[in-house]
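So the structure is just underneath, and the comments pick up after that.
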Amino acid sequence: MSATPIGMNAKTAAAVQEIYRPIIRGYFAVFAAYYLIIFPTNFGYYHGADLLVVTACALITSALGIIGYFYLRNPAPPNLVERMLVVLNFLVVSNVVIALNLVFEPTKLSYFVIMVMLFALASVSMRQSTLSIAFATLAFITYVPKLSSEDTVTYGFLVFGAVMASLSITFYLRKAISFIAKAKIDAEGRLEEARIVGDNMRQKSLSDSLTGLPNRRAFFEALRKATGQMKTEREQATLAALPEQSNLWLVLVDLDGFKAVNDVHGHLVGDLLLKEVADRLNNHCKDSAHVSRMGGDEFNIILVSPCEEDQIKDWCDRLLESLAKPYVVEGRHVRVSGSMGCRMMDISEAARPQINEADYALMAAKQQGKNRCVVFNEAHAKVAAERHMVEQALRFADLENELELLFQPQIDLREQKVVRAEALARWTSPMVGSIEPTRFIQVAEEAGLITEITLTVVSKAFRVAKGLSNSVPLAINLSSHDVITDPIIDHIIALAKQFEIDPKVIEFEVTETAMMADLEKATDNLNRLAKLGFSIALDDFGTGYSNFSYLRRLPIRKLKVDRSFLENAGDPMTEKVLFSLAGMARTLGVECLLEGIESEVDLLMAKRVGVDAVQGFLFGRPMTAEALDTFLANYSSDDQPERWSGQAVA
Ligand code: C2E
Ligand code: MG
Ligand code: MG
């Protein structure tokens, strides 16, 4: 006997079985109850051996009913259920046959009609139904000789009608139930498909399409999960001390020099490089850490390990070594390195501020020369808190009132006169007091607050340019963000128009690092300003790339050599370097100014190396606009630089 009914696959058969199960259970229960209830009545009808046989048969049937009822609480093998039903039906027929054999009464033949109907209603297969109906019919036929011809016709038609009805009930009921089963299977199939599609979509929404690594969302989920797991672990540890306590480390990785790879070799090479970087990260972390790509060239690693600071640094250093090995992408040899910021996460504290702290460590790694790993520590925490304070104060600053401009003269060495004054911002906050410009400018740049400062400085400087009675061209510093942001440049140009400023009297100072963020955009914007007649000076020259090829492309009129060169003013090597920087300016056809002239010795060297102009405390410290006016008036009466040094105001 095959387990699967003809025309039905195993899945449908199982589903049909499942739909039938409660009906069949009920069927077993009915016979269990029926024979339990009627067996005491046998004592009134039968005696001796007859009673024993009738009672035994009733109890066996009832026992099978009880077994079937309990057995079918759970899905059961279809074959077994089928056999149990055949046996039960056989026992039911036997009960009637025994009763008829003991006391024959034609009216009892109506049991056969009821039986065949019941067998049809509660059958798990056509063959089981047919077999059961066949028992009943055959049993009935054995009694036909005992009937009168009238009863034979009556019961014969009744049983025949019942058999026909039962067979068709079995057939159509099974058909209807298989239809329902198929619909159920179909619905379950669709549900499963929807679940798989959902899972796939979820998987996609959690992974980075380029590298296949988990993405930013997945990172936050993984971090939440790791934190949750560790919390549970710690709770358990208080009950039974764990041998080693794990730490949760967050490592932020940012590639050094990736932008240059994109610029020089194109985005395809950049993309392939990122994939290779992802592979190296995965290889290093294996299954011990969760690596994700946050976007661009930023990757995050979550590491749960008993590592302490020294060990995590070793682990990161090995990863740095791996990242810094040359890459061959599309046949090109490419080199990048990584900078890393680590933070041991305190799982009882909020994650966000700690991620920012890891980011702070990463920034420190970049500032300390890249290709290194910095672990966030107490000292960083102090600086970060201070930085946060400055940032908060900046956010609520009334810049128009709190920001002041001082001006520092620039002297042309040949003409020995003040040719320009550089506007330098000073900020005194009612919340945090006076903050050094390098500090608040950096915080403003990082916090995205520089635009307002720049525009305040520019409009204040323009107002001064218009208000000075001894007029002098001014220089204004622009930050990196300004140079690469079109709307800021638009705004500056609009302000110049509003104040009716002659562009010839304004110079904008930009640094090399500022332009490196987006050299193309910076070049475009500087060209826009230069075309209008503004002069452009390259500030802090010599501390950055000093790359000849891009310098030639920029509309620069002046190189301002950084004052750090004067720290070793007596060193012949310094003089040689300054000499070549001045030569470089001459070759480019631009003016050269040396910053930070503090003494006569510095001034003499400036003259010897051949710079065109100087700026420094020797001539004047940054001073107020009024002081600058007086300074300019005095200059016209006396051109000896030695006298100017005594007139510093700020
Ligand atoms: P910078 O543009 O290179 O400005 C020159 C800095 O050198 C000024 O510092 C000036 O006071 C200082 N300095 C000039 N001569 C001497 C000297 O003989 N000896 C020494 N030790 N220092 C001298 P300050 O005013 O503190 O500004 C520092 C930096 O902050 C500036 O460097 C500039 O990068 C930035 N900064 C200042 N104001 C602004 C501004 O309005 N906008 C932007 N974006 N940056 C500004
Ligand atoms: Mg400057
Ligand atoms: Mg400078």
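The values are calculated or read from the model by the stated rules, or taken from the named source; none is laboratory data. Please read all numbers here as calculations on a predicted model, not as lab measurements. Glycine gets a Cβ as well: all are built from the backbone with ideal geometry, and neighbour counts include every protein chain shown. SASA here: full protein model, heavy atoms, side chains in, ligands and nucleic acids out. Shrake-Rupley method; radii C 1.70, N 1.55, O 1.52, S 1.80 Å.
The share of Cα pairs per 10 Å bin across the stretch 221-358, counted from zero up to the longest distance, runs 11, 39, 29, 15, 5, 1 percent.
Projected onto its three principal axes, the C-alpha set of the stretch 135-245 covers 94, 44, 15 Å, listed from the longest axis down.
For helix 351-367, what angle does its Cα long axis make with the longest principal axis of the chain, in degrees from 0 to 90 and rounded to 10? Helix 351-367 and the main axis of the chain meet at about 40 degrees. Computed about the Cα centre, the dipole magnitude for the chain is approximately 3420 debye when only Lys and Arg (+1) and Asp and Glu (-1) carry charge, each at its Cβ. Dipole of the chain computed with +1 at Lys/Arg Cβ and -1 at Asp/Glu Cβ about the Cα centre; of 255, 154, 379, farthest Cα towards the positive end is 154.
Simple rule: put +1 on each Lys or Arg Cβ and -1 on each Asp or Glu Cβ in the chain, find the dipole, and look at 111, 428, 168; the Cα lying farthest toward the positive end is 111.
Here is how the number arises for the chain: DSSP H runs of 4 or more residues each give -39500 (n - 2.57), the sum is divided by the residue count, and the result at 222 nm is -19500 deg cm²/dmol.
Taking all protein chains as shown and a probe of 1.4 angstrom, residue 532 keeps an accessible surface of around 80 Å².
Largest first, the residues 427, 315 sort by 1.4 Å accessible area into 315, 427.
Here the stretch 322-363 is treated with +1 on each Lys and Arg Cβ and -1 on each Asp and Glu Cβ, and its dipole about the Cα centre works out to around 320 debye.
For the stretch 87-130, the list of chymotrypsin sites (Phe, Trp or Tyr not before Pro) that fall in a loop by DSSP and count at most 13 other C-beta atoms within 10 angstrom reads 104. Over the stretch 565-637, the pair-distance histogram of Cα-Cα distances with 10 Å bins from zero comes to 19, 43, 26, 12, 0 percent, rounded to whole numbers. Using a ≥ b ≥ c from the Cα gyration tensor of the stretch 349-442 (square roots of the eigenvalues), is it rounded, prolate or oblate, where a/c under 1.5 gives rounded and otherwise the larger of a/b and b/c decides, a/b for prolate? Oblate, since a/c reaches 1.5 and b/c is not below a/b. Measuring with a 1.4 angstrom probe and ignoring ligands and nucleic acids, residue 154 comes out at about 70 Å² accessible.
Sparsely packed loop sites in the stretch 447-556 (the GluC sites (Glu not before Pro) outside DSSP H, G, I, E and B with at most 10 other Cβ atoms within 10 Å) comprise 500. Counting Cα-Cα pairs of the chain in 20 Å increments starting at 0 gives whole-percent bin shares of 14, 28, 18, 12, 12, 10, 5, 0. Taking Cα atoms only, the orientation of helix 216-239 departs from the longest principal axis of the chain by about 70 degrees. Cβ screening of the chain for cysteine pairs under 4.7 Å finds these without a partner: 57, 285, 307, 342, 592. Counting protein heavy atoms only, the stretch 38-163 has 75 percent of its accessible area on carbon and sulfur, 1.4 angstrom probe. A cut-off of 5 Å between modelled amide H atoms, ignoring neighbours fewer than 5 places along the same chain, links residue 509 with 476, 477, 478, 537.
Scanning residues 5 or more positions from residue 422 or on other chains, those with amide H under 5 Å from its amide H are 408, 410, 475, with H placed 1.01 Å from N in the peptide plane.
Note on exposure: 481, 333 ranked by accessible area (1.4 Å probe, complete protein assembly) read 333, 481, with the most exposed listed first. Between residue 236 and residue 330, full extension at 0.36 nm per residue minus the direct alpha carbon distance yields a gain of 28.7 nm.
Note on the stretch 135-252: with charges restricted to the Cβ of Lys and Arg (+1) and Asp and Glu (-1), its dipole about the Cα centre is near 380 debye.
Scanning residues 5 or more positions from residue 207 or on other chains, those with amide H under 5 Å from its amide H are 215, with H placed 1.01 Å from N in the peptide plane. With 30 Å as the limit, the listed pairs 182/204; 225/286; 460/521; 231/313; 275/560; 108/182 have 182/204; 275/560; 108/182 beyond it between alpha carbons. For the chain, the longest principal axis of the Cα atoms and the long axis of helix 600-609 meet at an angle of about 80 degrees. Percent of accessible area on the stretch 287-338 owned by carbon and sulfur, 1.4 Å probe? It is 42 percent, rounded to a whole number. Inter-part distance, the stretch 89-112 to the stretch 286-326, computed on C-alpha centroids, equals 84 Å. Here's the picture: charge each Lys and Arg Cβ at +1 and each Asp and Glu Cβ at -1 in the chain, and of 288, 551, 179 the one pushed furthest to the positive end of that dipole is 179.
Need one number: the % of Cα-Cα pairs in the stretch 40-192 sitting beyond the 26 Å mark.
For the stretch 40-192, the share of Cα pairs beyond 26 Å comes to 38 percent.
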